[in-house]
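Here is the structure we will look at, set down as structure tokens.
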């Protein structure tokens, strides 16, 4: 039996089933929540108790079940809920959360379109910058971004769509104009080079070069040699000038008197030869000055400037640039005693030479003999190089060096003051290509950690060119935690 009642908000007449008495339902007309009233009792019947209605239940329920059907199975769709107005039933879909979870959201689809559009713009711009002429590589990305912008505009995302369209339409043509259109326009506006055939180089009257066709007859320059008395043209072919120079002297026409310079013009008696000029010089009264004035030659050697010394008559002093190095027999001693022979001098210093101290007459605990060499370096940060050179202070600007082809290694004895001192030893160095003489090798022992006792070290040389050794020994000392002090003795090539 249906119950007829009126909506409390809009006054519409509604019908409800008896099981829905006291339930909260939405009005199909105004969609406001209302409570199905209890019909008045029949005469002689008492009113049934009214179930309490909570506000939370009234707000949560959206529709009311009109017909009490048994609960649907788990695999069936949720039932359709009805509300009747008069005799016309109105069906409404359920709004439970489980069913709403399967409904796709339009906002998620729009977010995907926005992300895809911006990715297309970024990738397209990067490819266009890196490969400006690869149209087929980046145009699809810009087209995809335009399509995404159009889709966003159709779905009402006006701001996103317009920004994406602008970021696609504006940067792409600008980059293409900068990288592509200018190059195409320049190549299109260039005039095709006409093929004039072989051309040759000529010079005008001012000496400026010009290119003309090889078939063009080019006249000679006004300042060039000409045998005839015709008017001299203003151009001369380079090939014609070379051909004239290759002709034998007898085939060349003799220049006229006007064309000869004043000193070569024919004088009475014929032109003067070299013998005539030399004879005039000898017979003339002019005196030829001596290379060194006589008063300078008459001065005693002691009256010359301070520091003046006569050149020693040694093999090193007689060496000239280009001479072979002096041959050396092995063993070739570089240092043994302080008063012994020293073919190389420790004259080359590089780096912080002020912190270096080298004593060749140290007479305490020598390896052999009376003396050894003591080296001290007091800087703990900088570096210094000591070069034994031949002759003294020879950095390649003097002829010198020894031929050590018979030697196979350099040996020396060394020890540290406290042990664990690190020193690098080398033979030979690099001089500029323009030097008068250069080392033919450059060999290094690497950093050697010295012991507190004497130990023999060697540098092999047999695999290197030893025909000229100017720098017989080089030692490099770098700053360490404390001042470096070590000793050397019996340095020789074997």
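The values are calculated or read from the model by the stated rules, or taken from the named source; none is laboratory data. In this text the structure is predicted, and so the values were computed from the model without any measurement. Cβ coordinates were reconstructed from backbone atoms using ideal geometry, including for glycine residues, and neighbour counts include every protein chain displayed.
Worth a mention:
- Filtering 359, 379, 365 for residues that are in contact with a helix residue (DSSP H, G or I) (Cβ under 6 Å, 6 or more places away or on another chain) and modelled with pLDDT of 90 or more leaves a single hit, 379.
- Among the residues making up segment 352-371, those that are closer than 19 Å to residue 476 by Cα and surrounded by 18 or more Cβ atoms within 10 Å (Cβ to Cβ) are 355, 356.
- Residue count for segment 446-486, restricted to those that are over 27 Å from residue 400 (Cα atoms) and outside any strand (DSSP E or B): 10
- The selection criterion, being over 25 Å from residue 447 (Cα atoms) and touching a strand residue (DSSP E or B) at 6+ places or on another chain (Cβ under 8 Å), holds for residue 343.
- Residue count for segment 386-430 satisfying the condition of being surrounded by fewer than 19 Cβ atoms within 10 Å (Cβ to Cβ), assigned to a strand (DSSP E or B) and either within 40 Å of the chain's Cα centre (by Cα) or not assigned by TED's automatic domain parsing to the domain that holds residue 485 (or both): 2.
- Residue 433 vs. criteria under 39 Å from the mean Cα position of the chain (by Cα) and either within 24 Å of residue 332 (Cα to Cα) or surrounded by fewer than 16 Cβ atoms within 10 Å (Cβ to Cβ) (or both): yes
- Every pair of residues 6+ apart whose Cβ atoms lie under 7 Å, when the first sits in segment 169-180 and is under 13 Å from residue 126 (Cα atoms) while the second is at pLDDT below 70: none
- Within segment 108-136, the set of residues being assigned to a helix (DSSP H, G or I), within 18 Å of residue 174 (Cβ to Cβ) and touching a helix residue (DSSP H, G or I) at 6+ places or on another chain (Cβ under 7 Å) comprises 120, 121, 123, 124, 125, 127, 128, 129.
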